[in-house]
1. Being surrounded by fewer than 13 Cβ atoms within 10 Å (Cβ to Cβ) and away from the ligand (no atom under 16 Å from the Cβ) is the filter; apply it to the stretch 209-249 and report the residue that is nearest to LEU22 (Cα to Cα).
2. Could you say whether any residue in the stretch 142-165 is in a loop (DSSP other than H, G, I, E, B), modelled with pLDDT of 95 or more, more than 21 Å from TRP103 (Cα to Cα) and more than 20 Å from the chain's Cα centre (by Cα)?
3. From GLY26, GLY13, GLY9, GLY51, which residue is in the same structural domain as PHE227 (by TED's automatic domain parsing), modelled with pLDDT of 95 or more, surrounded by fewer than 17 Cβ atoms within 10 Å (Cβ to Cβ) and within 16 Å of ALA222 (Cα to Cα)?
4. Is it the case that some residue within the stretch 49-70 is away from the ligand (no atom under 13 Å from the Cβ), among the aliphatic types (A, V, I, L, M) and out of contact with any helix residue (DSSP H, G or I) (no Cβ under 6 Å at 6 or more places or on another chain)?
5. Only residues that are among the acidic types (Asp, Glu) and either away from the ligand (no atom under 12 Å from the Cβ) or in contact (Cβ under 8 Å) with a residue 24 or more places away in the chain (or both): list them for the stretch 1-41, please.
Amino acid sequence: MKQVAVVTGAARGIGAASAARLAAEGAAVAILDLDETACAATAAEIAEAGGKAIGVGCDVTDERQVLDAFTRIAAELGAPAILVNNAGVLRDNLLFKMSAEDWDTVMGVHLRGTFLCCKAAQKYMVEQRYGRIVNTSSVSALGNRGQANYAAAKAGIQGLTRTLAMELGPFGITVNAVAPGFVATEMTARTAERMGVTAAELQAKTAAITPLRRVGRPADIAGVVAFLAGPDSAFVTGQTLYVDGGRRL
Ligand code: NAP
């Protein structure tokens, strides 16, 4: 693929792996994340491996920052044809302890952020009559104790995905979602910390109840993202693909 790709939350974890995979397949990649320095470091790693990438500091919940980021990317790399909405945060708590602020934060990054980036990207994609949008849902969309905010946001992303597939399909743009199960990243390491266990202990416990008997790695998700962002998924749209080793909550 020779297109320009934008990956949000790509300074580390699943986003960084997806950005590296897209770059390895020939895309010029914009690494978007809150911390511009961390973005630049991830972009430099991709460049060292022979890929083309730039780092762009951007809070996906801020409409002005998102619009400015896309303008800068279009000027520096060219019009984006691939968007991977991956930025995410957790603010887990049981309902009676969940603050309205923690509800808003999670809705803001996952749902509002995905909406704002899709809206900014579609302008460039409609002009090209081509585009690939890959959103990030989760197995938690099916419901998960302690994650009312996150589960609602990740289920919302599935509805947004199906709706945008209908609206943007006539312009040659596909919109799909990937729904990871447990993936070993900083996000799940922090969850382990909150639960009072080590990351390795939580991974082992999760692997034991997963049919494939292991947890996911960022590269497992990146491979599916690359499929949904590439030419082989040309007739696939509006889908949510679970990538969870067979586990269901
Ligand atoms: P991660 O390691 O925590 O990385 C998420 C990245 O998103 C971080 O670099 C974070 O920056 C960035 N981010 C947060 N808020 C942002 C904002 N407002 N604007 C721009 N960037 C922002 O997470 P991950 O495990 O790789 O997860 C990636 C995605 O997969 C998320 O959407 C997550 O919900 C989803 N997912 C993960 C799992 C899993 O098991 N790991 C399972 C299902 C779904 P800061 O560090 O500066 O906050």
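The values are calculated or read from the model by the stated rules, or taken from the named source; none is laboratory data. Just so it is clear, the model here is predicted, and its values are computed rather than measured. Note that each Cβ is placed from the backbone with ideal geometry, even for glycine, and that neighbours are counted across all protein chains shown.
1. For the stretch 209-249, the residue satisfying everything is PRO231.
2. Of the stretch 142-165, the ones in a loop (DSSP other than H, G, I, E, B) are 143-146.
So of that shortlist, the ones also modelled with pLDDT of 95 or more come out as 143-146.
Cutting the leftovers down to more than 21 Å from TRP103 (Cα to Cα) gives us none.
Scanning the stretch 142-165, I find no residue that is in a loop (DSSP other than H, G, I, E, B), modelled with pLDDT of 95 or more, more than 21 Å from TRP103 (Cα to Cα) and more than 20 Å from the chain's Cα centre (by Cα), so the answer is no.
3. On the way: GLY13 fails: surrounded by fewer than 17 Cβ atoms within 10 Å (Cβ to Cβ); GLY9 fails: surrounded by fewer than 17 Cβ atoms within 10 Å (Cβ to Cβ); GLY51 fails: surrounded by fewer than 17 Cβ atoms within 10 Å (Cβ to Cβ).
Going through GLY26, GLY13, GLY9, GLY51 in turn, the sole match is GLY26.
4. yes
5. Restricting attention to the stretch 1-41, the residues satisfying the condition of being among the acidic types (Asp, Glu) are 25, 33, 35-36.
Answer for the stretch 1-41, where residues must be among the acidic types (Asp, Glu) and either away from the ligand (no atom under 12 Å from the Cβ) or in contact (Cβ under 8 Å) with a residue 24 or more places away in the chain (or both): GLU25, ASP33, ASP35.
Yes/no per residue for (1) without any contact (Cβ under 8 Å) to a residue 12 or more places away in the chain; (2) not aromatic (Phe, Trp, Tyr):
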residue	(1), (2)
ALA43	no, yes
VAL56	no, yes
VAL66	no, yes
PHE70	no, no
ALA79	no, yes
ASP92	no, yes
ALA100	yes, yes
TYR130	no, no
